[in-house]
1. Among the residues of region 79-86, is any surrounded by fewer than 18 Cβ atoms within 10 Å (Cβ to Cβ), closer than 30 Å to ASP127 by Cβ and of a type outside the set (Gly, Ala, Ser)?
2. If a residue must be open to solvent by less than 60 Å² (accessible area, probe 1.4 Å) and either among the aromatic types (Phe, Trp, Tyr) or part of a helix (DSSP H, G or I) (or both), how many such residues does region 56-77 contain?
3. Between a first residue in region 144-157 that is over 13 Å from GLY172 (Cβ atoms) and open to solvent by 10 Å² or more (accessible area, probe 1.4 Å) and a second residue that is not in a helix (DSSP H, G or I) and not acidic (Asp, Glu), which pairs have beta carbons less than 7 Å apart while being 6 or more apart in sequence or on different chains?
4. Here are some residues: LYS116, LYS189. Which one is within 21 Å of the chain's Cα centre (by Cα), open to solvent by 80 Å² or more (accessible area, probe 1.4 Å) and within 30 Å of VAL88 (Cβ to Cβ)?
5. Hey, can you tell me all the residues within region 38-54 that are of a type outside the set (Ser, Thr, Tyr), under 26 Å from the mean Cα position of the chain (by Cα) and open to solvent by 50 Å² or more (accessible area, probe 1.4 Å)?
6. Against the conditions (1) in contact with a Lys or Arg (Cβ under 7 Å, 6 or more places away or on another chain); (2) open to solvent by 70 Å² or more (accessible area, probe 1.4 Å); (3) closer than 26 Å to GLU37 by Cβ; (4) of a type outside the set (Phe, Trp, Tyr), where does LEU100 fall short? Just the number, please.
7. Considering region 110-131 alone, what residues qualify as being outside any helix (DSSP H, G or I) and touching a residue at least 12 places away in the same chain (Cβ under 8 Å)?
Amino acid sequence: ELEKYEKAALKLDRVKDIPEAKYMLALCYRREGKFKESAKAMETAEKTALSQKRDDFLSKDFYLAYASFCDRAGMADRTIEILKSLIVKHPEDPETANFLGYYLADKKLELDYAEKLIRIAVDGDSDNPAYLDSLAWVLYRKGDLKGAEKYIEKSLELQKDSPDGVIADHAGDIFNSLGKKDKAIKYWKFAADTWNADTDYDAVRKKLKGAESPESSKK
């Protein structure tokens, strides 16, 4: 709580046979940007809890966090493995379905399955801007630009013109593919000016620069 994460990690690393300690260690590493170490700590927490038959600890939220840390560590295969195991246990859970569906869509993998999962999430919470964005994104990946436009517009409307940075970036890509360059520039600017740990700011600025260049205007 004092944000002395390195000091906390040193102490937590010495604690053995308590999965909660390894979970807290993972949180410290995540705060320090040490994502591989964070994922490793979660692996240790899981193994410890399994050996102790701590089903109370191995909850849906634990595995969603574990998958998130693996994602940030660049461990795509492990992220998908965790989420696929979790969706078997919670097949109708909107949060799990959206996480796995969006992750697959973003990686351009199993797009039909990804869409099925995201529609489970949207059916469970039709006014969730993130879920609507996920549906727009998977349709965009599948080449259904009109469908993508329909759902990204719904997502943006629910956010009252103050969209999340990643959603704004998606909106820019979708509108640009539809030939609506002015709208694309508008939302890429939102993305560039809005903090989100998952936004690729270099990629957004590159798209903006290309869209605003004189050569682009002549096309």
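1. Yes, the conditions are met somewhere in region 79-86.
2. Summing the residues that are open to solvent by less than 60 Å² (accessible area, probe 1.4 Å) and either among the aromatic types (Phe, Trp, Tyr) or part of a helix (DSSP H, G or I) (or both) in region 56-77 gives 13.
3. From residues that are over 13 Å from GLY172 (Cβ atoms) and open to solvent by 10 Å² or more (accessible area, probe 1.4 Å), the pairs are LEU145/LEU178.
4. Answer to the check: LYS116.
5. LYS40, GLU43, LYS47
6. Single failed check for LEU100: (2).
7. ASP125, ASP127, ASN128 - these are the residues of region 110-131 that are outside any helix (DSSP H, G or I) and touching a residue at least 12 places away in the same chain (Cβ under 8 Å).
The values are calculated or read from the model by the stated rules, or taken from the named source; none is laboratory data. Keep in mind that what you see is a predicted model, and the values were worked out from it rather than measured. Reconstructed Cβ throughout: ideal geometry from the backbone, glycine too, with neighbour counts over all protein chains shown. Side chains are part of the model used for accessible areas, which takes the heavy atoms of the whole protein and leaves out ligands, DNA and RNA. Shrake-Rupley method; radii C 1.70, N 1.55, O 1.52, S 1.80 Å.
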